[in-house]
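Read the structure below first, then the notes.
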Amino acid sequence: MNITLVGAGAIGTLWAVKLTQQQHNVQLWTRDSAPEIIVHFSELNSPTITTDYSFSCNDPHALAASEMVIVTVKAFQVTAALTPLLPYLNTDCVVIIMHNGIGSQQHVQQLLPHNPIIYATTSQAAFKPTPTTIHHTGLGQTWLGAINQQAQSQTHIAEMFNSVLSPSQWHTNIYQPLWQKLAINCAINPLTAVNQCPNGDLGQNCYQDQLDSICTEVAQVMTAEGVNTTSQQLRHQVDSVIAATSANYSSMNRDIFHHRLTEIDYINGYLVQQAQRHHIDTPVNKQLWQAIKHMESQDHE
Ligand code: KPL
């Protein structure tokens, strides 16, 4: 398949390499105009052995010939990343959007009224220590699902993703896994960013009450949104991710550390906005949203 991948961060490049290994023809779309990038990639559990992959980049002809575009930029970058591509995109081209948080869907549907649009969420983990080095650091579930009518019949895409990086599955209501992931991000991301600690530190006693409150608030909003869950279930999932990723630094931790904008508006910010619609009080999530906004504003005065 001819594929353009937009946003060559850790997760995007992981998918680009895995798709290339399965003989798909992948070009990268990057912020600069470099015609080629060489990526040094290490497989899971072999961090010291790297293989080089060469990707052509930023070719409008290849974009026009793409049958699939995968967008892995941050939630707040999706519109700006997609807009310059619009004149080249074939209306049959399947567009897959993969980012933390919820909230870009409406905009993307407005930008692409004819294309099949799929949203995806993944728990695969990758680490990018230098701009061209990627380590695959953890296996995890990927969910894909349609958010418009045109994409309803594209269930085979999940099979293709599964053959590339397993386990990947189609979900008939993608908002369900998107909310599950949002719950995990609401708990782990701001706490590890505010406290500048690795995920595993959230196992300490001092964080348990906050984690409980976050899960209780998120479960109330999810239930009001029609997504089946309980605060206990969410707490259990959060604890499992903390244990499974204990040495990792969350994406928001890294964003704050490097003085970059975070996805907080699409994570705790989205949660608080949906809570307000349902007249649910979410003081702990609101306080964390404000704390991260304050840290961002000090960096971007
Ligand atoms: O998705 C993540 C992130 O860092 O953004 C988690 C699950 C918290 C893993 O670090």
Lysine pair number, Cα distance threshold 19 Å (strictly under), the chain, separation 8 or more or different chains
5
Report the convex hull volume per residue for the chain, counting only C-alpha atoms, in Å³.
130
Once you list every other residue whose beta carbon is under 15 Å from the beta carbon of Asn2, what net charge do they have if Lys and Arg are +1 and Asp and Glu are -1?
-3
On the formula 1/(1 + (r/R0)^6), with r taken between the Cβ atoms of His294 and Gln106 and R0 of 35 Å, the FRET efficiency rounded to 0.05 is 0.80
Using the alpha-carbon centroid of each, what span in Å lies between segment 207-236 and segment 143-191?
20
Could you give the dipole magnitude of segment 176-299 about its Cα centre, charging the beta-carbon of Lys and Arg +1 and that of Asp and Glu -1, in debye to the nearest 20?
140
Could you size up the charge dipole of the chain around its Cα centre, putting +1 on the beta carbon of Lys and Arg and -1 on that of Asp and Glu, and report it in debye to the nearest 20?
120
Most to least packed among 59-69, 2-12 [average Cβ atoms within 10 Å]
2-12, 59-69
Calculate how large, on average over all directions, the projected area of the Cα convex hull of segment 50-146 is; give the answer in nm² to one decimal.
7.1
What value, in deg cm²/dmol to 500, does the helix sum -39500 (n - 2.57) over DSSP H runs of n ≥ 4 give at 222 nm once divided by the residues of the chain?
-12500 deg cm²/dmol
Would you be so kind as to identify which of Leu261, Ala275, Leu288 lies farthest towards the positive end of the dipole of segment 255-301, taking Lys and Arg as +1 and Asp and Glu as -1 on Cβ and the Cα centre as origin?
Ala275
R0 = 25 Å: FRET efficiency of Gln287 with Thr230, Cβ-based, nearest 0.05?
0.65
Taking Cα atoms, the helix 283-299 axis meets the longest principal axis of the chain at an angle in degrees (rounded to 10) of 60
At a 10 Å Cβ-Cβ cut-off, how would you order Trp289, Trp15, fewest neighbours first?
Trp289, Trp15
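Values in this text are rule-based calculations from the coordinates and carry no lab data. Predicted model only: the values in this text are computed from it and were never measured. Backbone-built Cβ (ideal geometry, glycine too); neighbour counts: all protein chains shown.
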